[in-house]
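The values are calculated or read from the model by the stated rules, or taken from the named source; none is laboratory data. Everything numeric in this text was worked out from a predicted model, so none of it was measured. Note that each Cβ is placed from the backbone with ideal geometry, even for glycine, and that neighbours are counted across all protein chains shown.
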Amino acid sequence: MSSVPEHPINSCYIMYLFAFMEIVLDAVCTALADPVRRRVVELLSEGPRRAGELAEAIGVAPPVMSRHLRLLLESDVVDDERSPADARVRLFYLKRESLAALRGWLDRVDAGPGSV
């Protein structure tokens, strides 16, 4: 049985993909390193919420929540959308696909030797 030689473009693409996933993983881990941000993610896993609702539920001042939400937005863990009826109203929601890099890494680590 002959093996098909690996095409250099495919290997470059795979290397790029792994490098990108590492960057995403680093951003997600940094975002989740803070207990307030982890609680925000837990609350958003239940559904979209306004910043004020999140601040009240967690017990932090609105400016503090704003800083946490900005970091979560920059790390692509959450996203927001504005109400068509009132642009001042922003709903934040969890971007579940952004957690895929973390989930994949944890699965590889959990799989044991030779999987990472």
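One table, with the values for the structure above:
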| item | result |
| --- | --- |
| Positions within region 65-83 being farther than 20 Å from Ser45 by Cβ and modelled with pLDDT of 85 or more, in sequence order | Ser66, Arg67, Arg82 |
| Single match in Ala51, Ala87 (criterion: among the aliphatic types (A, V, I, L, M), at pLDDT below 90 and either within 19 Å of Val24 (Cβ to Cβ) or out of contact with any Cys (no Cβ under 6 Å at 6 or more places or on another chain) (or both)) | Ala87 |
| Unmet requirement for Val64, which otherwise passes all of (1) in contact (Cβ under 8 Å) with a residue 12 or more places away in the chain; (2) out of contact with any helix residue (DSSP H, G or I) (no Cβ under 9 Å at 6 or more places or on another chain) | (2) |
